[in-house]
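Okay, structure first, notes after.
Please treat every number below as a calculation from the coordinates, not as lab data. This one's a predicted model, so the numbers in the text were calculated from it and none came from an experiment. Quick reminder, even Gly has a Cβ in these numbers, built from the backbone with ideal geometry, and neighbours come from all protein chains shown.
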Amino acid sequence: IDSYDSCWLRYEPVDDEELLSSYRDRCEHVYASDSAPELGVVREELNRGLEGLLGRAPHLWNHPPRSADGFLAIGLPDEMRPISETVDTDAVRSLDEDGYRIRSVTWEGVDCTVITAPTDSGLVYGTFHLLRLMSTGQPIDDLDIVEEPANANRLINHWDNPFRGKVERGYAGPSIFDWERLPDLRQRYFDYARLLASVGINGVVVNNVNTKIPSREGANEAVSRRAGWQLLESDNLEKVEALASVFRRYGIKTYLSVNFASPMLVGDLETADPLDADVEAWWERKVDEVYETVPDFGGFVVKADSEGQTGPYDYDRDHAEGANVIARALEPHGGRVWWRAFVYGSHEDRAVQAYNTFEPLDGEFHDNVTVQIKNGPIDFQPREPISTLFGAMPETDLGCELQITQEYTGQNVHACYHVPQWKEVLEFDTYADGEGTPVKDLLADREGQGIAGVGVVGDDPNWTGHYLAQANLYGYGRLIWDPDLTSEEISEEWIRQTFGGDSTVVETVNEILMNSWDASIDYHTGSIGLMHMMYNGSAALENHYDPSPEEWPEYHGASEDGIGLDRTSSGSDYTGQYREPLASRYEDPETCPEELLLFFHHLPWEHELADGTTVVQRLYDNFFAGVEAVKELRAQWHTLEGEIDDRRYRHVADRFDEHVLQAERWRDTIVSFFYDYSGVPDEDGRVPLEA
Ligand code: BDP
């Protein structure tokens, strides 16, 4: 990790004398079993972490240390006496897979800290938890912690194109996965696995959902031969296993995105029809082969009938038929299909299509299929309403797809902390089972459900492009482990581990992070439900960074008489896909929450909002406020000069300069666009802009 940033696993020396001596008393001697591979990981991480924090490496024992005044004991519940004699082992064994218990106890007159879990991966998570407590300066002398993850599946979806090395929507350099050199391993794989395990991630999909590079990138045959679908070829499976061998040490399963037409691309069949017997047999054989090579393989992600990827529609079959043929092959091995619901193109309003396609199929999917739904109906916009599919398919395992990489929120230039956005998604009450059925509860407690985040790391030394974007990777893992954590709790943990515990630094960075998303919504959308006003450019470019409202009229509906889209019962009736009282709430502009108003309604420019301000004036105000907010974030960052190391200070300061310029560019482009249509000047004289 040396030449690369250690992110939040810096393990800086503890400088508070009292804490240091308490940590030393309790952790200098460690009794850890080393039976399983993961326990090798526990020992390695403790060596590294404690040496950093306490200034010397711990003594590691294979039996209770005799002379010590205190020690740390880590093992399965029945593995060692200091554990079996101090905690309720039945209770530990009945914890969820990945759960753990940490407890301060006295054993044979000695102060002990015990970490125990029903599985090895729980021990890894428990170890990282204890190290986190010390890295954030918490006392550890009176612990009684029981943790279980809220979501069984906590995945990262890499959109990394193998062989070509480019990460789709990646802004942190090329892919970290070097398929040319695999099965040779890079230190980076181990460090990445550590980062992920430290925040509870338990699955990694290593390649892009676009497994065949679509022609929109101008790909020729030679290029698309070296695309993700190829990873299923026999010669490549040992490379997949090499990566899996690293990840499994940390309790992380490896998955692949696969092409629906694999029987034709990888095999030599003439069809990929999911009801064809040869196709069924092909998937079975291929999956058997995968599991011979990668025994704990997680499963497949499939993007089908979407943006140029083939799918069951090519054979007049539906999505359940498409998913099930692959699921049946995975079933005997315990693998799972994550089948994406990201389909659009056949409906005038893109928002309604996923529900129309998938809701009627509820109950038709095989047990080991998870339907993976983006948080909103469009595409990871700064703010969207919540997808109507959540709560609409009770007989189907669902997964929520979030985007960690900042495709639409400033890429690697803007500071934008996404945790509050994800929190809004997970807390959203779907009313699926009456009032009080938030998305987070719908996803939790089912073995086949969970959350997938589109990855953010690349080969840049700082991993995420923008240094502060590390907080998004950290926060993603922490939040999906425990959606009841607040955004501030998560950011504070991250800051303490990343920049140290100085209270001014913690408060300042926290405020910057916490205000960054609101600012982003203001200057990208005006904060009353508009979205998708970015520039695309040529098919090969797909910039998604600069403003270009004239390019996408179908997403904002600007006209001389008003702005917004009618998605009520008189329009596309997206509102009708929600349960009551949501449907009625969104249907009426008087009760529709202002932040989503123009998503659901086309309103006159001078329609009056609740406080008497007009729509167009509110848009002007919010766009201007967004830019001011970014300037304020920058000014706050400037107060940190000299308080944190210069290298990281400069990196972020430089990005803030560009961030301000870009926010102004958005504001000026979009308010001028509104003015051109509406002809309404700003009350404060800011629009039209001075020439
Ligand atoms: C959009 C991206 C595109 C992805 C697509 C997807 O612009 O690159 O391939 O979603 O999720 O966000 O499949």
**Request:** Using only Cα atoms, find the angle between the long axis of helix 503-525 and the longest principal axis of the chain, and express it within 0 to 90 degrees, rounded to the nearest 10.
**Result:** 30 degrees
**Request:** Whole Å is fine, so just give me how far the alpha carbon centre of the range 256-289 lies from that of the range 463-496.
**Result:** 39 Å
**Prompt:** Once a ≥ b ≥ c are taken as the square roots of the eigenvalues of the Cα gyration tensor of the range 17-146, is the result rounded (a/c under 1.5), prolate (a/b larger than b/c) or oblate (a/b not larger than b/c)?
**Reply:** rounded
**Request:** Sticking with the crude label model, points 7 Å out along Cα→Cβ, report the distance from E606 to D288 in nm, one decimal please.
**Result:** 7.5 nm
**Prompt:** Each label point is 7 Å from the Cα along the Cα-to-Cβ direction; what then is the distance between the points at E108 and E17, in nm?
**Reply:** 3.4 nm
**Prompt:** Hey, with R₀ at 41 Å, roughly what FRET efficiency would S569 and R665 work out to, going by the Cβ-Cβ distance, to 0.05?
**Reply:** 0.60
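With a ≥ b ≥ c the root eigenvalues of the C-alpha gyration tensor of the chain, is it rounded (a/c under 1.5), prolate (a/b larger than b/c) or oblate?
Oblate shape, in that a/c is at least 1.5 and b/c is the bigger or equal ratio.
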**Complete:** Taking Cα atoms, the helix 234-249 axis meets the longest principal axis of the chain at an angle in degrees (rounded to 10) of 60 degrees
**Request:** Quickly estimate the mean residue ellipticity at 222 nm for the chain, helices only: each DSSP H run with n ≥ 4 gives -39500 (n - 2.57), and the total goes over all residues, rounded to 500.
**Result:** -11500 deg cm²/dmol
**Message:** Between S245 and T271, what is the label-point separation in nm under the 7 Å Cα-to-beta-carbon projection?
**Reply:** 4.1 nm
**Message:** Quick query: amide H of G562 versus all other amide H atoms, modeled in the peptide plane; which residues come in under 5 Å with a sequence gap of 5 or more or a different chain?
**Reply:** W605
**Message:** Sort W282, W422 by Cβ crowding within 10 Å, fewest neighbours at the top.
**Reply:** W282, W422
**Asked** Mind listing the phi-derived Karplus ³J(HN,Hα) values for the range 679-685, rounded to whole Hz, using 6.51, -1.76 and 1.60 with θ = phi - 60°, and x for any glycine or proline?
**Response** x, 9, x, 6, 4, 8, x
**Asked** What number comes out for the charge environment of Y250, summing +1 per Lys or Arg and -1 per Asp or Glu over other residues with Cβ under 9 Å away?
**Response** +2
**Item:** For the range 153-499, alpha-carbon Rg relative to the globular expectation (2.2 N^0.38 Å, N residues)
**Value:** 0.93
**Message:** Please rank H29, H659, H333, fewest neighbouring Cβ atoms within 10 Å first, as an exposure proxy.
**Reply:** H333, H29, H659
**Prompt:** Hey, what did the range 153-499 get for relative contact order, percent, Cα under 8 Å, at least 6 apart?
**Reply:** 18 percent
**Complete:** The helix 470-481 Cα axis meets the longest alpha-carbon principal axis of the chain at an angle in degrees, between 0 and 90 and rounded to 10, of 80 degrees
**Protection proxy ranking, peptides 469-476, 576-583, average beta carbon neighbours within 10 Å, highest first** = 469-476, 576-583
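Just to be sure I understand: of the beta bridges DSSP finds with both ends in the chain, what percent are antiparallel, rounded to 5?
Numbers: 18 of 64 bridges.
So the antiparallel bridges amount to about 30 percent of the total.
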**Prompt:** Order of K303, K631 from fewest to most other C-beta atoms within 10 Å?
**Reply:** K631, K303
**Request:** Using a 10 Å cut-off on Cβ atoms, rank the peptides 426-435, 335-344 from the highest mean neighbour count down.
**Result:** 335-344, 426-435
**Request:** Just the number, please: percent antiparallel of the DSSP beta bridges in the range 360-493, rounded to the nearest 5.
**Result:** 10 percent
